[in-house]
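Please read the structure below before turning to the comments.
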Amino acid sequence: MTITTAPTSSSTDTARAVLDAAFPGGIGAFIDGKVVPGNGETVTLTAAATGAPFATYSDPGAEGAGVILESSVRGAAAWGELNGFERAAILRNVSRTLEAHTEELAILESATTGKPIRDARVEAAKVAEMFGYYAGWADKLTGQTIPVPGSWHTYTERVPWGVIVAITPWNAPMFTAGWNSAAPLAAGNSVIIKPSEFTPASTIRVAQLAHEAGLPDGVFNVAPGLGQTVGAALTSDRRVGKVSFIGSVPTGRRVAVAAAQAGIPALLELGGKSANIVFADADLERAADGAISAIFSGAGQSCVAGSRLLVERSVHAQFVELVADRAGRLRVGDPLSADTEVGPIITAQQFATVNSLIDAGVQDGGRRITGSALPPHLTGSALAGGHWVMPTLLDGVTPQNRLETTEVFGPVVGADAFDTEAEAIARANSTSFGLAGAVWTSDVSRAHHVARSVNAGTFWINSYKTIHVAVPFGGFGDSGHGRSSGPGVLDEYTQTKAIWVPTRAAGSPFPSLSY
Ligand code: NAD
């Protein structure tokens, strides 16, 4: 790929040029180290910043999914024959290769998804880091020696599942491509990623670079295409060892049921409706900065978005003003401009959903404080047809408001006042989700008490949104189950085998206990 500078006069042209440079033959499945055009459903890719189409591709269909799976079964066998030290060396090289291509990957991601380039750069670097981190684990996967009664040497081994199918969403395609491949590969599995049909490019390029860095054929394949064709075929085929799914609650449940019917376990990373709780004794300026980043980075298209802002009543009006002032100053615009902080909504469908949920929030009594008219640099330019939603703050979003419990997945935060700590905790826990949350306070005991009391897989004290591959991440309740990072995820991607050896000839090799 040769394009290293951003952008041309039109985001649509840039997206087309960047994609052509990356994949001269167009988008296709990545199988055995090659990009192979599909012959299934046709998918049109749209530039989020202009609303105009820039490419089409055909997905591999259910039949093509079968071909990919055959390759991945072979890949799992070949990868499994290497020892952990050999796998670690290759994964370290994958990390170095991705690091060397950070800028290229960031431009590809930004141009084809509408994600601000500064965010894409951070995410590209994180993907390289993920491979570096799990390369470090590949040669350290040990079992246990377990003392048992009688004369036995009993030990365990960690066995890869074989083929892992990862289904990923459109909001962070490159990040989730790394998140859902580095760990299973380190554990000795092959991986197929089925990226969102809307944002396949960066995932294919990551797999291509990983192959160039030494991953054998079939170890990291990509199946771009529709959920109901390619996704459904891959998540219900008994040759798959495990499914890891990142996406919405309804789709996650559908996928888990289909997988279960084929006897395949599924790890689910789903949506959220996280509470950001601000007490009067907090550093309000810092908390306002945190509240902005919690909801408006990624234009709110983030599973951990702090979409409910709960503020102690005595500072509520002041704090809403601080947040509104900052929201009004955020730079919304061309994703490929280095100073853009908030980009467009990535898909047209989601753009419509976000707008209708803002209307619902107002109908249910929310007062719009920010986020109405689009500025002239958006309406009066080539960006006029883009999926723009200005950072939106609604105040007075009470428990009866639909925004209280519905994930918007856009730059929309609902604020409300609370009187007591117990009320804030109850309110934070009043949805079926349990992904993330935060508290802002200078009272250490209160901070820890709130952190312990809120149902969430990740919780920040006087901060928001930091996650790292070394730290477990995942949801409670409707936000899913299983953890997708940290050392523990290696347990998700291996099965434990127990091995018994009698150590004394006199010991009975046939104990009477049956199970
Ligand atoms: P989605 O559920 O619509 O789609 C997710 C993926 O599932 C896509 O790749 C889609 O093609 C695929 N899919 C759809 N139907 C399928 C089927 N029948 N079989 C197999 N695959 C199928 O989600 P989305 O709109 O792409 O992403 C937004 C959602 O993702 C939000 O709810 C967000 O909170 C969630 N998300 C969660 C996390 C997390 O780590 N918890 C991270 C990012 C996004």
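No lab work stands behind these numbers, since they all come straight from the coordinates. Values in this document were obtained by computation on a predicted structure and should not be read as measured data. All Cβ positions, even for glycine, are placed from backbone atoms using ideal geometry, and neighbour counts span all protein chains on display.
Taking a straight Cα-Cα cut-off under 19 Å and skipping sequence neighbours fewer than 8 places away in the same chain, the lysines within cross-link reach of K465 are K115, K126, K273. So, counting K/R as plus one and D/E as minus one, what does the shell of residues with Cβ under 14 Å around D491 add up to? Around D491, the charge tally is +3.
For a quick check: sort I292, I192, I461, I146 by the number of other beta carbons within 10 angstrom, fewest at the front.
Listing I292, I192, I461, I146 from fewest to most nearby Cβ atoms yields I146, I461, I292, I192.
Computed over neighbours whose Cβ is under 11 Å from that of W440, the net charge equals -4, Lys and Arg +1, Asp and Glu -1. Could you tell me how far the Cα centroid of the range 71-96 sits from the Cα centroid of the range 138-160, in Å? The distance from the Cα centre of the range 138-160 to that of the range 71-96 comes to 23 Å. Classify the chain: rounded, prolate or oblate, from the alpha-carbon gyration tensor (a ≥ b ≥ c, eigenvalue square roots; a/c under 1.5 rounded; otherwise prolate if a/b is larger than b/c)? Since a/c reaches 1.5 but b/c is at least a/b, the shape of the chain is classed as oblate.
Cβ crowding within 10 Å ranks E86, E123, E285 as E285, E86, E123, fewest other Cβ atoms first. Electrostatic tally near I264: other residues with Cβ closer than 15 Å to its Cβ, Lys and Arg +1, Asp and Glu -1, net +4. Fewest neighbouring Cβ atoms within 10 Å first, the residues D281, D395, D359 line up as D359, D281, D395.
Shape class of the range 318-477 from the Cα gyration tensor (axes a ≥ b ≥ c, square roots of the eigenvalues): prolate, since a/c reaches 1.5 or more and a/b is larger than b/c.
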